[in-house]
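To start, the structure itself, in structure tokens.
The values are calculated or read from the model by the stated rules, or taken from the named source; none is laboratory data. None of these values were measured; they are calculated from a predicted model. No Cβ is skipped: glycine too gets one built from the backbone with ideal geometry, and neighbour counts run over all protein chains shown.
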């Protein structure tokens with residue numbers, strides 16, 4: 001699986017921020033109601049960040065061969081969740097930052113002021129999810145192939161358990 005592209009994450013934040021600012025500015029200029037923010041989104045972001053952090057710790061235990069309930073398939077799911085969490089958090093971080101800028105520019109309007117405050121709280125949650133996603137993705141790295149250009153790495157054979165009974169102890173005659 002490919003690693004997170006930090007330049008792409010920054011690009012998503014920038015494009016979402018500019019797009020959110022343009023759309024919100026158009027809504028305000030045309031006298032429509034802007035998007036009303038709620039602080040509940042920050043609870044969702046913080047909850048997902050905590051869950052992802054806990055699952056990432058389980059992946060670390062699996063890598064260290066300590067006792068854990070995490071399986072290799074579960075570790076792959078954690079990597080996919082960290083990738084999707086990072087991309088989603090960067091998208092929301094850009095959108096929420098644009099809402100903060102719009103609210104700061106129109107501070108005298110009470111709705112936009114509360115939108116800016118709630119967007120700031122939600123942006124903190126999105127930033128927490130983005131940071132946790134990047135950290136967990138780093139924890140889930142098994143083999144760093146970027147440093148070895150000419151070496152071919154062969155996978156280690158799996159430890160397959162032997163048969164519980166020998167072939168001579170078969171029940172069939």
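Report, by residue number, each residue of segment 81-100 that is more than 22 Å from residue 52 (Cα to Cα) and without any contact (Cβ under 8 Å) to a residue 24 or more places away in the chain.
So in segment 81-100, the residues more than 22 Å from residue 52 (Cα to Cα) come out as 95, 97-100.
Hit for segment 81-100 is 100, nothing else.
Failed condition for residue 103, given (1) surrounded by fewer than 21 Cβ atoms within 10 Å (Cβ to Cβ); (2) part of a helix (DSSP H, G or I); (3) without any contact (Cβ under 8 Å) to a residue 40 or more places away in the chain, with all others met?
The number of the failed condition is (1).
Mind checking whether some residue in segment 74-96 is out of contact with any helix residue (DSSP H, G or I) (no Cβ under 9 Å at 6 or more places or on another chain) and either over 30 Å from residue 28 (Cα atoms) or modelled with pLDDT of 90 or more (or both)?
Let us first name the residues in segment 74-96 that are out of contact with any helix residue (DSSP H, G or I) (no Cβ under 9 Å at 6 or more places or on another chain), namely 76, 80.
Subsequent filtering for residues that are either over 30 Å from residue 28 (Cα atoms) or modelled with pLDDT of 90 or more (or both) retains 76, 80.
Yes.
Going by what's in this entry, would residue 24 be described as modelled with pLDDT under 95 and under 14 Å from residue 123 (Cβ atoms)?
On the way: modelled with pLDDT under 95: yes; under 14 Å from residue 123 (Cβ atoms): no.
Taking the combined requirement at face value, the residue does not satisfy it.
If only one of 78, 13, 36 is in contact (Cβ under 8 Å) with a residue 40 or more places away in the chain and farther than 20 Å from residue 124 by Cα, which one is it? Break it down into steps so the answer makes sense when it comes.
Values: 13 fails: farther than 20 Å from residue 124 by Cα; 36 fails: farther than 20 Å from residue 124 by Cα.
After ruling out the rest, the residue left standing is 78.
Considering only segment 39-49, state which residues are touching a residue at least 40 places away in the same chain (Cβ under 8 Å) and in a helix (DSSP H, G or I). Walk me through how you get there before you give the answer.
Residues of segment 39-49 that are touching a residue at least 40 places away in the same chain (Cβ under 8 Å), as a first pass: 39, 41-46, 48-49.
41, 42, 43, 44, 45, 46, 48, 49, listed by residue number.
For residues that are within 10 Å of the chain's Cα centre (by Cα) and buried (at least 18 other Cβ atoms within 10 Å of the Cβ), scanning just segment 54-89, find the one that is farthest from residue 139 (Cα to Cα). If you could, list the steps in order and put the result at the bottom.
Filtering segment 54-89 down to residues within 10 Å of the chain's Cα centre (by Cα) leaves 78-89.
Add one more test, that the residue is buried (at least 18 other Cβ atoms within 10 Å of the Cβ), and what stays is 78-79, 81-83, 85-86, 89.
Details: 78: 10, 79: 9, 81: 13, 82: 10, 83: 12, 85: 15, 86: 14, 89: 19 Å.
Across segment 54-89, the extreme among qualifying residues is 89.
Could you please let me know if residue 109 is under 24 Å from residue 21 (Cα atoms) and free of Cβ contacts under 8 Å to residues at least 60 places away in the same chain? Lay out the reasoning, then the answer.
Working: under 24 Å from residue 21 (Cα atoms): yes; free of Cβ contacts under 8 Å to residues at least 60 places away in the same chain: yes.
So residue 109 fits the description; yes.
Residues in segment 143-155: is at least one part of a loop (DSSP other than H, G, I, E, B), crowded, with 19+ Cβ neighbours inside 10 Å, at pLDDT below 95 and under 24 Å from the mean Cα position of the chain (by Cα)? First the steps, then the outcome.
Filtering segment 143-155 for residues part of a loop (DSSP other than H, G, I, E, B) gives 143-155.
Filter once more, so that each one left must be crowded, with 19+ Cβ neighbours inside 10 Å: none.
Among the residues of segment 143-155, not one is part of a loop (DSSP other than H, G, I, E, B), crowded, with 19+ Cβ neighbours inside 10 Å, at pLDDT below 95 and under 24 Å from the mean Cα position of the chain (by Cα), which makes the answer no.
Can you tell me which residues in segment 3-32 are under 30 Å from residue 139 (Cβ atoms) and part of a loop (DSSP other than H, G, I, E, B)?
3, 4, 5 - these are the residues of segment 3-32 that are under 30 Å from residue 139 (Cβ atoms) and part of a loop (DSSP other than H, G, I, E, B).
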